[in-house]
Amino acid sequence: MELNTRAVHVFNEPFPAGSWPLSVPLVQSSAFAFDSAAELADAMAGPDGRYVYSRRGNPTVRALEQTLAGLEGGAGAIAFASGMGAISGVLLALLRPGDRVVAQRCLYGGTHAVLSDLAERYGIEVVRISGDDPAELEAAAVHPATRLLVLETIANPTGQVPDLPGLLAVARAAGVMSLVDNSLASPVLCRPLELGADVVVHSTTKYLSGHSDVLGGAAVFADDELRRRVWPRTVELGACADPFAAWLTLRGIPTLPLRMREHCANAVSLAAALAERAEVRGDVTAVHYPWLASHPSRENARKVLSGGGGLLSFELAGGREAGRAFVERVRLAKLALSLGGVETLVTHPASTSHRELDGAALEAAGIGPGLVRMSVGIEDVADLWSDIERALEQALA
Ligand SMILES: *Cc1c(COP(=O)(O)O)cnc(C)c1O
């Protein structure tokens, strides 16, 4: 079945009563009772038996896991309390001291922080690559300690799209496992497991849930053996998904394909309007959106994605002051750190998330002082453009 059909028909376990609810039941129970001690002991043997205790498994959480595995084309999934829970959980489960990780240079800040911590405190070597050239990985991966490749489908805020098929083929040939953070693309735009990745991670907080009302994360595995190997470590970590959070995420998924279509259509149209303004007026100096012909990742984007996604960024001529002024002048768009929800959000990294960095460090991260990041929502695009134009006039006055 096509993805939009699979998104609507989420996994729903058989209901014992002969008719069953259309929505997945919310089983808000921490534990499950048994008639016999032997049955309880049996159920504790692995991830897929009867439900015992909700840190180990829960019907609502399992419905989310099965649904995500279905959407990504994976053999199985584990749901987590947040995207960082999923990323930390998988890294801790797969890596040992002395291992080497090869990671894309431009990664989500939290992932970057965990990898730096693992390097400093656990003796795991982290080698950085641009992600644009498989030959770079070939050089870095030829080492017996290389265990894992870490990539993102669409990196933030530059919109970089690495050469996934090329890099994943090199990793596979070298016997190196690969993990791809697919939060910004969602399974609607890209399914990295189909391109050869071993594990896909998500911040389901973003597009999958889509309504800015829940935190969550997930790891989806190409091979069920790997899921069963990671699962006991995640039970120890305890960053498990809460049933209500899983339920809210499931509530968002049927409309994911529709929402992604609108996010992409609005973002491509705003990116084009901003690029035109950059040409005509010069007060916007650059627009970063992977679907634009001017973006350095345009070829990779067309190869691995079915749309440019909902995240774009642009630089204002007035630098730091203008960037800060812009995010305070928009009215329809809100100044908030998250992304992937139905509403449009803006941030100014140089004065918020990246305020500790000086000019050179900002430049190395691909962030200009006047860069504004926009998570484009599903509002009417004309209303968004009026809001942007008015805020630009005021910020650059
Ligand atoms: C937000 C985000 C995360 C972290 O997810 P949380 O749900 O906030 O823990 C990881 N990766 C990417 C790409 C993200 O955008």
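No value in this document is a laboratory result; all are computed from the given coordinates. Note that the structure is predicted; figures quoted are calculated from it, not measured. Cβ sites come from the backbone with ideal geometry, for glycine too, and all protein chains shown count toward neighbours.
How large is the dipole of region 37-254 about the Cα centre if only Lys and Arg carry +1 and Asp and Glu carry -1, each at its Cβ, rounded to the nearest 20 debye?
Working: 18 positive and 24 negative charges, 83 e Å.
For region 37-254, the charge dipole is close to 400 debye.
A helix-only calculation puts the chain at -12500 deg cm²/dmol for mean residue ellipticity at 222 nm, using -39500 (n - 2.57) for each DSSP H run of at least four residues, averaged over all residues. Equivalent-ellipsoid semi-axes for region 256-395 (Cα gyration tensor, √(5λ), whole Å, largest first): 22, 18, 15. Angle check, please: helix 256-280 long axis (alpha carbons) against the longest principal axis of the chain (alpha carbons), in degrees 0 to 90, nearest 10. Helix 256-280 sits at roughly 20 degrees to that axis.
Label-to-label distance for Ser306 and Arg261 is 1.1 nm, based on points extended 7 Å past Cα in the beta-carbon direction. With a simple spin-label model that places each label point 7 Å from the Cα along the Cα-to-Cβ direction, the separation between Asp224 and Asp380 comes to 5.0 nm. Taken one residue at a time, the phi angles of region 209-221 give Karplus couplings (6.51, -1.76, 1.60, θ = phi - 60°) of 7, x, 10, 6, 10, 7, 9, x, x, 7, 10, 10, 10 Hz. Gly and Pro are set to x.
Over region 37-254, what is the relative contact order in whole percent, taking alpha-carbon pairs under 8 Å and six or more residues apart?
On the way: 423 pairs, mean separation 62.6, N = 218.
Relative contact order here is 29 percent.
Per residue, the convex hull spanned by the alpha carbons of region 218-266 comes to 111 Å³.
Compute the Rg to Rh ratio over the chain from the alpha carbon atoms, using the Kirkwood formula for Rh, and round to two decimal places. Could you put the intermediate results ahead of the total?
Details: Rg = 21.7 Å, Rh = 21.9 Å.
Over the Cα atoms of the chain, Rg/Rh equals 0.99.
With point charges of +1 on the Cβ of Lys and Arg and -1 on the Cβ of Asp and Glu, referenced to the Cα centre of region 1-152, which listed residue (Ala69, Ala38, Asn58) lies farthest in the positive direction of the dipole? So the residue we want is Ala38. Distance from the Cα centre of region 142-214 to that of region 328-397, in angstrom? Answer, in whole Å: 25.
Put the Cα centre of region 60-93 next to the Cα centre of region 258-292 and the gap is 32 Å. Helix 164-173 axis versus longest C-alpha principal axis of the chain: approximately 40°, rounded to the nearest ten. Would you mind checking the tilt of helix 83-94 against the longest principal axis of the Cα atoms of the chain, expressed as 0 to 90 degrees and rounded to 10? So the helix axis and the longest Cα principal axis differ by about 60 degrees. In region 139-158, whose amide N lies under 15 Å from the spot 7 Å out along Cα-to-Cβ of Glu194? List them in ranges. Zone members listed by number: none at all. Of all stretches in the chain that contain no trypsin sites (Lys or Arg not before Pro) in a DSSP loop with at most 13 other Cβ atoms within 10 Å, the longest one is 51-280.
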